[in-house]
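Here the structure is laid out as structure tokens; the discussion comes afterwards.
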Amino acid sequence: MKKTMILFKILKSAKQKSIGLLIRCFIVLLLLSGHLPMQGQNAGNPLKTDSLTLELYHAQDWEALIDAGKAAIKSGFDYYYMQMRVGIAYYELGKYRQSIPYFEEAIRLNPLEKVPVEYLYFAYLMGGQPYHARIIESKMSREALDRNKIGKPKLVEEVYMEGGPGFAGNQNLKQKHKHAHDTIYNSSYYYKNLYYAHVGVQLRLSPAISLYQGYGYVEVPIVEKTSYMHKPVEDFEMPARQHEYYGNLKIALPGNILVIPAFHYLWLDYGLRVDRYEAEINNLVFDTLYEHEQSYLAALSVRKDISLFAFELSASYGDFPHSRQQQGGMAVYTYPLGNAKLYTRSELNFVWNDRSERWIFDQQVGFAVSKKLWMEAEFTLGDLRDYAEKNAFVIYNSPEKINHKLETTLFIEASPHLELSLKYRYMQRENQYLNYTSFEDFTFEYSKYPFHTLIGGIKWKF
């Protein structure tokens, strides 16, 4: 029975192809006899055009094939094999993003063919659209999946861990604390070494939807330096501990659209020294308070990929202890080579709350150093307090002003299932120094200083 069914399928397929060939030959004869009009005056001879593009395909003259094929399609000589030839020509040149619309059109013209589906999967994957590749993967035959060593989808797609230290280059600030004779009271804060860790898992809920869930922890001791009536007071160290939950959904939609809703929740515990004047002893008395603060940020981004570009709109709303903040922006991605070996992102965000309004600009460049190694460099300019980036994965909720930051990240593909990363982040922050020259008059002095962070990451792919 099986042999009979297989033979039947073979004969049926051959019959369909023969009928399709006869129909095409009939259409060509009609065109040559003038009974069917061709679009455009410079269409040329269809048989010659078909023969030329086929010859260029066999000769692997991809650039010439692209020119001839696009001209033929524009003139109206448009059918499955012409779309495939142009798509494959772009694909062979590594211009995967340009090949995508041709493979999509080939599938529309001939939905039964499996070859364009396979090409489209890899074009999406190597063109920087992995979530749309997964939708195509679900349409590939088992034979194609096995041949390309694409395993069966698993619920757990990735497990990710990252962490590392941060430290302030503010040695001068520690020495700046003055006990001048013209001051009554002064104080300032500085940060000691920061420790950060994050672990998360990405789940594949369907071919089009992924869910990421993660937990993060940050700890940083903050030291307060104080003097009163020209005499220093013992330093007070306040360990601040922050726990974080982060989650997002990645939803791939038809039309090369990616929607990402995200949610970031933070709860922070820290100690706070409060001073008061006691007349009986003519000095300050200090009490320690323990504070617990909670905040959250909800975000949404929508991305649309079009050939060598992608456009993204984003918005977020954050409820922080001292303000409610809104953020909206637009990003433009470019892929000059038509693949993920070189890309840029230019993003402009407007951030506002009841106290301030500000613009923040971010520029990123990513490129492949070698087959297994690639790098990203990123520069962000603007006041980053309570600013969210990377689909709200990172929130800069430091009380200090951050004027700009610079990041560089190395990615290493250690194996098909293991990716390593190393990130260096530099931020220019501003330290605040409070100085009372009398019981009523005071001033603030601000000093800029660098803050450095190193973050190592490990990603397991299943």
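Listed from fewest to most Cβ neighbours within 10 Å, the set VAL394, VAL220 follows the order VAL394, VAL220.
Considering only MET427, PHE367, GLY200, the residue lying farthest towards the positive end of the dipole of the chain is PHE367, judged by Cα position with unit charges set on Cβ. Given the pairs LYS152/LYS459; LYS341/LYS390; LYS154/LYS390, which are separated by over 23 angstrom at their Cα positions? Beyond 23 Å between Cα atoms: LYS154/LYS390.
Per-residue 3J(HN,Hα) values for segment 209-223, derived from phi via the Karplus relation 6.51 cos²θ - 1.76 cosθ + 1.60 with θ = phi - 60°, read 10, 10, 10, 10, 10, x, 10, x, 9, 10, 9, 8, x, 10, 10 Hz in sequence order (x marks Gly and Pro). Annotation: amide H of SER398 within the under-5 Å range of ASP386, sequence separation 5 or more or interchain, hydrogens built in the peptide plane.
Counting charges near PRO261 (Lys, Arg +1; Asp, Glu -1) among other residues having Cβ under 13 Å from its Cβ returns a value of +2.
In terms of surrounding Cβ atoms within a 10 Å radius of their Cβ, TYR296, TYR185 rank from fewest to most as TYR296, TYR185.
Helical runs (DSSP H, four residues minimum) scored at -39500 (n - 2.57) apiece and divided by the length of the chain put the mean residue ellipticity at 222 nm at -8000 deg cm²/dmol.
Axis angle, to the nearest 10 degrees, between helix 46-59 and the longest C-alpha principal axis of the chain: 60 degrees.
Only one item in [x] 75, 56, 40; [y] 112, 54, 37; [z] 62, 52, 49 matches Cα extents along the principal axes in Å derived from the coordinates shown, and that item is [y]. Can you tell me the 0 to 90 degree angle between the C-alpha axis of helix 62-75 and the longest principal axis of the chain, rounded to 10? Approximately 70 degrees, to the nearest 10. For every other residue with a beta carbon closer than 9 angstrom to the beta carbon of PHE320, add +1 if it is Lys or Arg and -1 if Asp or Glu, then tell me the sum. Net charge around PHE320: -2. Using Cα atoms only, what is the angle between the long axis of helix 80-92 and the major principal axis of the chain, expressed in degrees (0 to 90) to the nearest 10? For 80-92 against the chain, the angle is about 40 degrees. Each of PHE236, PHE286, PHE77 was scored by other Cβ atoms within 10 Å of its Cβ. Listed from fewest to most, they are PHE286, PHE236, PHE77.
Return the subset of LYS139/LYS461; LYS48/LYS139; LYS74/LYS250; LYS48/LYS149; LYS225/LYS405 for which the Cα-Cα distance in this structure is over 30 Å, preserving the input order. Walk me through the numbers before you get to the answer.
Numbers: LYS139/LYS461 22 Å; LYS48/LYS139 35 Å; LYS74/LYS250 36 Å; LYS48/LYS149 40 Å; LYS225/LYS405 27 Å.
From LYS139/LYS461; LYS48/LYS139; LYS74/LYS250; LYS48/LYS149; LYS225/LYS405, over 30 Å: LYS48/LYS139; LYS74/LYS250; LYS48/LYS149.
None of the figures in this text is laboratory data; all of them are computed from the coordinates on show. Owing to the predicted nature of the structure, the values given are computational and were not obtained by experimental measurement. Every residue, glycine as well, gets a Cβ built from its backbone with ideal geometry; the counts of neighbours run over all protein chains shown.
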